[in-house]
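Everything on this sheet refers to the single structure shown next.
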Amino acid sequence: MALQIGDTAPDFTATTTQGSINFHEWLGSSWGVLFSHPKDFTPVCTTELGFTEKLRPEFEKRNVKVIGLSVDAVSDHERWADDIEATQGARPRFPLIGDADRKVANLYGMLHPKASTTLTVRSVFIIDPSKIIRATITYPASTGRNFDEILRVVDSLQLTDTHKVATPVNWKPGEDVIIVPSLSNDEARKLFPQGWNEQRPYLRTVKLAN
Ligand code: BEZ
């Protein structure tokens, strides 16, 4: 069965552009984003990897380590990094797994045979410091992902882990959030003394203090 939200992220040891990595050890107490690319030296992947490197400081601010994967060898990843740097203005400084034997791709269900029997789809796994999968995203090879959205999901997960709130459609950090319906108004008054906007008893939005 496919990996689901709430499952423990499977551990593995793999060769990467930063040497051999044991995934759980490498994650340590950080959050993690593991994402797959169909193939090296392909255009969409080239743009994704350059952009992810540019976003790396934003991931680091949130205590998130990023790690990419494609089913080519590490030696190919290294040659490809030259092209990524030349065309995107950023050379990936995060590890890229060389998964030529598809061990990790199979472990994480990144091969969808009806899409391709040899190349992975664009999978994303967001993993928390307890190694639990908290979100998954899957795109086809022809559609580049929105890495700002991946950061946004991390922001939502980290916020909702520490406050009794959920984030509404298209929410961005700093915008109003939703008080979880399981919290009574009496309980909410203690947590949100600033008050809230109640459009329905189940739809209460609140501005969080900074
Ligand atoms: C790409 O990254 O551009 C790509 C990779 C595989 C299939 C289609 C596009």
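The values are calculated or read from the model by the stated rules, or taken from the named source; none is laboratory data. Predicted, not measured: the structure shown is a model, and the values here were computed from it. As a convention, Cβ positions derive from the backbone with ideal geometry for all residues, glycine included, and neighbour counts pool all protein chains shown. Heads up: the accessible areas ignore ligands, DNA and RNA and are worked out on the full protein's heavy atoms, side chains in. Shrake-Rupley method; radii C 1.70, N 1.55, O 1.52, S 1.80 Å.
Which of the residues belonging to region 140-152 are open to solvent by 20 Å² or more (accessible area, probe 1.4 Å) and either within 13 Å of the chain's Cα centre (by Cα) or of a type in the set (A, V, I, L, M) (or both)?
Listed by number, the residues that qualify are Ala141, Arg145, Asn146, Asp148, Glu149, Arg152.
Quick check on Leu119: is it more than 13 Å from the ligand (Cβ to nearest atom) and either open to solvent by less than 50 Å² (accessible area, probe 1.4 Å) or not basic (Lys, Arg) (or both)?
It is false that Leu119 is more than 13 Å from the ligand (Cβ to nearest atom) and either open to solvent by less than 50 Å² (accessible area, probe 1.4 Å) or not basic (Lys, Arg) (or both).
Give region 139-170 a look and list any residue that's within 16 Å of the ligand (Cβ to nearest atom) and touching a helix residue (DSSP H, G or I) at 6+ places or on another chain (Cβ under 8 Å), or say none.
Hits for region 139-170 are Ala141, Ser142, Thr143, Gly144, Arg145, Phe147.
Failed condition for Glu187, given (1) without any contact (Cβ under 8 Å) to a residue 24 or more places away in the chain; (2) open to solvent by less than 40 Å² (accessible area, probe 1.4 Å), with all others met?
Unmet condition: (2).
Can you confirm whether Ala105 is closer than 18 Å to Asp40 by Cα and surrounded by 17 or more Cβ atoms within 10 Å (Cβ to Cβ)?
Yes; evaluated as a whole, the condition is true for this residue.
Counting only residues that are assigned to a loop (DSSP other than H, G, I, E, B) and in contact with a strand residue (DSSP E or B) (Cβ under 9 Å, 6 or more places away or on another chain), which one in region 155-174 is surrounded by the most Cβ atoms within 10 Å (Cβ to Cβ)?
Thr167
Kindly evaluate Ala135 against the criterion of being open to solvent by 10 Å² or more (accessible area, probe 1.4 Å), assigned to a loop (DSSP other than H, G, I, E, B) and not assigned by TED's automatic domain parsing to the domain that holds Thr167.
Considered against the rule, which asks whether it is open to solvent by 10 Å² or more (accessible area, probe 1.4 Å), assigned to a loop (DSSP other than H, G, I, E, B) and not assigned by TED's automatic domain parsing to the domain that holds Thr167, Ala135 comes out as no.
Residue check: is Asp83 surrounded by fewer than 20 Cβ atoms within 10 Å (Cβ to Cβ) and closer than 13 Å to His37 by Cβ?
Against the criterion (surrounded by fewer than 20 Cβ atoms within 10 Å (Cβ to Cβ) and closer than 13 Å to His37 by Cβ), Asp83 does not qualify.
Could you check, for region 95-107, whether at least one of its residues is within 16 Å of the ligand (Cβ to nearest atom), part of a helix (DSSP H, G or I) and under 22 Å from the mean Cα position of the chain (by Cα)?
The answer is yes, given that some residue of region 95-107 is within 16 Å of the ligand (Cβ to nearest atom), part of a helix (DSSP H, G or I) and under 22 Å from the mean Cα position of the chain (by Cα).
Consider region 1-14. How many of its residues are crowded, with 19+ Cβ neighbours inside 10 Å and either of a type in the set (S, T, N, Q) or within 13 Å of the chain's Cα centre (by Cα) (or both)?
Here the count works out to 1.
For region 29-62, enumerate the residues that are part of a loop (DSSP other than H, G, I, E, B) and over 12 Å from the mean Cα position of the chain (by Cα).
Within region 29-62, Ser29, Ser30, Pro38, Lys39, Asp40, Phe41, Thr42 qualify.
Going by what's in this entry, would Asp76 be described as within 16 Å of the ligand (Cβ to nearest atom), without any contact (Cβ under 8 Å) to a residue 60 or more places away in the chain, surrounded by fewer than 21 Cβ atoms within 10 Å (Cβ to Cβ) and part of a helix (DSSP H, G or I)?
Spelling it out, Asp76 is indeed within 16 Å of the ligand (Cβ to nearest atom), without any contact (Cβ under 8 Å) to a residue 60 or more places away in the chain, surrounded by fewer than 21 Cβ atoms within 10 Å (Cβ to Cβ) and part of a helix (DSSP H, G or I).
Examine region 158-171 for a residue that is in contact (Cβ under 8 Å) with a residue 24 or more places away in the chain, within 14 Å of the chain's Cα centre (by Cα) and on the phi > 0 side of the Ramachandran plot, and state whether such a residue exists.
no
Show the residue pairs meeting these rules: Cβ distance below 8 Å; 6+ apart or different chains; first residue within region 106-122 and more than 12 Å from Leu69 (Cβ to Cβ); second residue at pLDDT 95 or above and outside any loop (DSSP other than H, G, I, E, B).
Gly109/Ser123; His112/Thr138
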